[in-house]
Each structure stands twice: as structure tokens, then as C-alpha cells.
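Working notes, beginning with the structure itself.
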Amino acid sequence: MTTYAQHLSQLQAQAESALARTGFDALLIASGIEKYAFLDDRPYLFQANPHFKHWLPLSNHPNSWIVVRPGHKPRVVYYQPDDYWHVPPSSPTGEWVDAVELIIISRAEEAAAHLQLPGRLAIIGEADARLAGVEPNNPQDLLNLLHYQRARKNGYELDQMRAASRRAAPAHLAARDAFLAGASEAEIHRAYLVAAGHTDRDLPYGNIVALNEHCAVLHYQYQDVQRPAESRSFLIDAGAQVNGYASDITRTWSQGGDADFDALLAAMEAAQLALVDEVRDGVDYRDIHLSTHRHLAGILQAQGIVKMSVEAMLEQGVTSIFMPHGIGHLLGLQVHDIGGFMADEFGQLAPKPEGHPYLRLTRKLQAGMVVTIEPGLYFIPTLLRQLRAGPAAAVNWPLVEHLSRFGGIRIEDDVVCRAEGGPENMTREAFAAL
């Protein structure tokens, strides 16, 4: 069997088990519909239901459905309108076509006739995907089973994610080169898209392209078209997408020549690699997050930024001023993949560590999980003002003011937890292959 055939067989088995355990007879999955701006005829960017693209490598196919029944091939109701205003989906091609019962419709409402089945139906989708006699009910107990299992990726899924890393890596280098040439944020973003072979609508998330002080904004959402008078630092958080699976990579660069910032960047690079090595089967991801703060305290101390012991910094929450976010998250069909807080398949939650509200993954790691490891160190004005109200005398404020001109640092890799041995760093391997 090919890896995709194995993937489909695994999903079928998982779905049949979930249906039996929750008392449903069949599973219906809507791809979703296009949504339009209020009082306008322009659609928002379509985002497929992740449950739909888990089964099929189709990310841009609204008004389509999957029907899963025990003992049957999956039924795919494929929407292909006869439309001269827009380019309709192409005729179905690929390995998935022979693995399913394929039904092509030209009008969205025609799907209802192929979804009317006897028994109790579990219907996954947004409310606006409803059709006559087909109303999404999203049973939570069934979703819990599927979401908990989805955290562990099989061979097919890992292949797609490796390909997404390979697609993003040369684009990151193109963005770096544009930065070194003095380009604006908007120009750097365009260089990234060209090298990735993506348009904005293909990206798994909006690129963060930040220069200088903008590097201190965790989710910086703009791209300045003006070239700065001086390009000191550059942070890019950008991924790529292959068959619905994402990569999520962050790099920070400098123009060189500032000893303090370059030393800080080198220290963060070393810490990030050490944290990647902590990704092991059975390790509590929360422990990696807490380990990050110990690394960060050591860097702040060694670089002369904060003159306190590591223990005192951790006790007083000083490191959270410089890194307020979590160390990372699950990655897959969604950039922040589902199921990160689940303690078990019944929906019980694993709590976040006290004092760390923004961590997005609290599970023990298992083989097949793909996580990001993305430590950061930022000089965020609003948080620094809070620090001044605390143990301000322990901070080297002239050095902080100098480093604030560079904004901050984040380094992020996509990492596979393996059953034995060390982790697989998909990001570093993609860069090494160039």
C-alpha cells in the first residue's frame, strides 16, 4: 500500500471505532462554504474544514462532502459548478479518486440527496454548511476521539509536512537576502512568495515580516512599503502548505556589526537547539516550556541584561517579560493544530503551568507528534514598563534600551517526536538540503 492508502485505511478504522463508541451510524464531513463580507459580494479567503482535508488533499473545494460508513468506501460528493465567472475546481485527479465512491455535483444543494442516510448521523461542519435535512451537530464526544488521535501523524502526513518545510526553506533564504539588500517589509514578503511558489491565499497563515523595532510585536500584522533608513534586524515567521499540511518556521537575522545583539542571537540559537533535543517520547511538553525559561534566565544573566540569579528571575516572573508566549504548539492540518490541551480522548484538559497562560500545548509527547520549538526574547515596551515597576534596579537599562532598537528574536523549527532516539528536525533538514 502507498502511504496515502495506509492513511485512508487508518482514518476509516478510527472513524468506525469512534462511531461505534459514540452510538452513531455514519459520519458526514462538510468542506465548508465561501463566506462573504458584510453588505458586500467579495468572499473572504476560503478555509476548508480541517476534518475534510484530513481525508483528501483538497484545500480549495467549498460545498463538497465526505460520507464515512462502516464497511464502505468513503463517499465524496465533489462540487464542480459550471461557472464562467470563476475558475471551478478541476476534474478530480490523483490517488484518492480510486479510493472513494465519487459523486460530482454542479449545484451545492444537490449534495443533500447523497447525504440522506438511515440511522444516527454525526455531521461535522459549521452551521452555515447545512442543507435540507442535513444539519451539522458536531457531537463533542466523537470530536474528542478524533481530535486526540489527530495529534499523532502517520507516514503520509509526515511526508506532506516535510515537503512543506522544503517549500518554505528556500523562501526564508530569499527573504533573508532581500533584508540584507535593504528591502522593505513588503518587498521582503514578495520575495518570500516568489521563492515559495505561493500567493497570499496559499499560505497556511499570514506571514510576519518585521524589521527593527517591529520584531518586538509578537503577531506583527503589517508590511511597511517604505524602506527603513537603517535595517538593523529582521524577524520572519512564515510557512508553506502542501496538500493541506503546514510548515511554520521563524528566523531572525541581523546585518551584523552590533556585538551585543549578535551575541544575544547566537545564545538564543544555541538554546533553541538544546530545547529541540528535549523533544522525546513521554516527555511532558510543559516541562520543555519551563526549561525554556531556565535557558532564557541564563542568557539574560550571561549577557548582562538582568543582574539576578536564575532562580530569582524564575520566581519573580522576569523571564516572562522577555518571552510572554509559549514555547510552541502542535502542527499539522492547522498551524495551531487541534488537541493540544487534551489529557485524554474523553476531553479532559491538561492544565497550563501556573503563571504561563499562553502555552498552546500541555500534553505528554508521543511518537508521531509534530511540534514547534520557538523560544523568543523580546524588548516589548509595554512589558518593560511593568518590569520597571518591579526589580528595576537589577536590569541593565542602558543595554535594554540599546537592544530595544532591534526589537527581539524568535527561532522556530518544526520537530517530529520519534519512538526511539532523538527528534527529527524537519526544518533544519530542509535548510541543510539546499
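Taken over region 359-401, the residue count meeting the criterion of being exposed (fewer than 13 other Cβ atoms within 10 Å of the Cβ) and either within 19 Å of Asp237 (Cα to Cα) or acidic (Asp, Glu) (or both) is 1. Could you tell me whether any residue of region 142-164 is in a helix (DSSP H, G or I), small (Gly, Ala, Ser) and closer than 30 Å to Ser231 by Cβ? Yes: region 142-164 contains one or more residues that are in a helix (DSSP H, G or I), small (Gly, Ala, Ser) and closer than 30 Å to Ser231 by Cβ. Under the condition of being touching a helix residue (DSSP H, G or I) at 6+ places or on another chain (Cβ under 7 Å) and part of a helix (DSSP H, G or I), the residues counted in region 234-263 number 2. Among the residues of region 107-116, not one is aliphatic (A, V, I, L, M), open to solvent by 40 Å² or more (accessible area, probe 1.4 Å) and within 27 Å of Asn144 (Cα to Cα).
For (1) more than 30 Å from Ala350 (Cβ to Cβ); (2) open to solvent by 40 Å² or more (accessible area, probe 1.4 Å); (3) under 17 Å from the mean Cα position of the chain (by Cα); (4) modelled with pLDDT of 95 or more, each residue gets a yes or a no:
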position: Leu146; (1), (2), (3), (4): no, no, no, yes
position: Arg162; (1), (2), (3), (4): no, yes, yes, yes
position: Arg167; (1), (2), (3), (4): yes, yes, yes, yes
position: Leu180; (1), (2), (3), (4): yes, yes, no, yes
position: Ser184; (1), (2), (3), (4): yes, no, no, yes
position: His189; (1), (2), (3), (4): yes, no, no, yes
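Condition check for Gln223 on (1) open to solvent by less than 10 Å² (accessible area, probe 1.4 Å); (2) touching a strand residue (DSSP E or B) at 6+ places or on another chain (Cβ under 6 Å); (3) over 30 Å from Thr3 (Cα atoms): one failure, at (1).
Has region 239-246 got any residue that is modelled with pLDDT under 95 and on the phi > 0 side of the Ramachandran plot? No - not one qualifying residue is present in region 239-246. Where strands (runs of 3 or more DSSP E) fall wholly inside region 350-434, the ranges with 1 or more residues that are charged (D, E, K, R) and farther than 16 Å from Tyr285 by Cα are 408-410. Condition check for Ala393 on (1) farther than 23 Å from Val217 by Cβ; (2) at pLDDT 95 or above: one failure, at (2). Counting the residues of region 335-349 that are open to solvent by 30 Å² or more (accessible area, probe 1.4 Å), hydrophobic (A, V, I, L, M, F, W, C) and over 18 Å from Asp284 (Cβ atoms) gives 2.
For Asn138, indicate whether it is on the phi > 0 side of the Ramachandran plot, of a type outside the set (D, E, K, R), assigned to a loop (DSSP other than H, G, I, E, B) and buried (at least 18 other Cβ atoms within 10 Å of the Cβ).
So Asn138 fails the test.
Please find, among Asp287, Asp277, the residue that is closer than 27 Å to Pro423 by Cα, without any contact (Cβ under 8 Å) to a residue 40 or more places away in the chain and loosely packed, with under 15 Cβ neighbours inside 10 Å. Exactly one of Asp287, Asp277 is closer than 27 Å to Pro423 by Cα, without any contact (Cβ under 8 Å) to a residue 40 or more places away in the chain and loosely packed, with under 15 Cβ neighbours inside 10 Å, namely Asp287.
Looking at Gly119, is it over 21 Å from Pro70 (Cα atoms), open to solvent by 30 Å² or more (accessible area, probe 1.4 Å) and either under 24 Å from the mean Cα position of the chain (by Cα) or small (Gly, Ala, Ser) (or both)?
No, not satisfied.
Considering only region 53-72, I want to know if a residue exists there that is out of contact with any helix residue (DSSP H, G or I) (no Cβ under 8 Å at 6 or more places or on another chain), of a type in the set (Lys, Arg) and surrounded by fewer than 18 Cβ atoms within 10 Å (Cβ to Cβ). Within region 53-72, not a single residue is out of contact with any helix residue (DSSP H, G or I) (no Cβ under 8 Å at 6 or more places or on another chain), of a type in the set (Lys, Arg) and surrounded by fewer than 18 Cβ atoms within 10 Å (Cβ to Cβ). Selection within region 230-274: residues that are within 17 Å of Gly298 (Cβ to Cβ) and under 22 Å from the mean Cα position of the chain (by Cα). The member of this set that is most open to solvent (accessible area, probe 1.4 Å) is Leu273.
Scanning region 197-220 for residues that are open to solvent by less than 90 Å² (accessible area, probe 1.4 Å) and in a loop (DSSP other than H, G, I, E, B) returns Gly197, His198, Thr199, Leu203, Pro204, Tyr205, Gly206, Asn207, Val217, Leu218, Tyr220.
The values are calculated or read from the model by the stated rules, or taken from the named source; none is laboratory data. Model, not experiment: these values are computed from the prediction. With ideal geometry, Cβ positions are generated from the backbone for all residues, glycine too; neighbour counts draw on all protein chains shown. All accessible areas refer to the heavy atoms of the entire protein, side chains included, with ligands and DNA or RNA removed. Shrake-Rupley method; radii C 1.70, N 1.55, O 1.52, S 1.80 Å.
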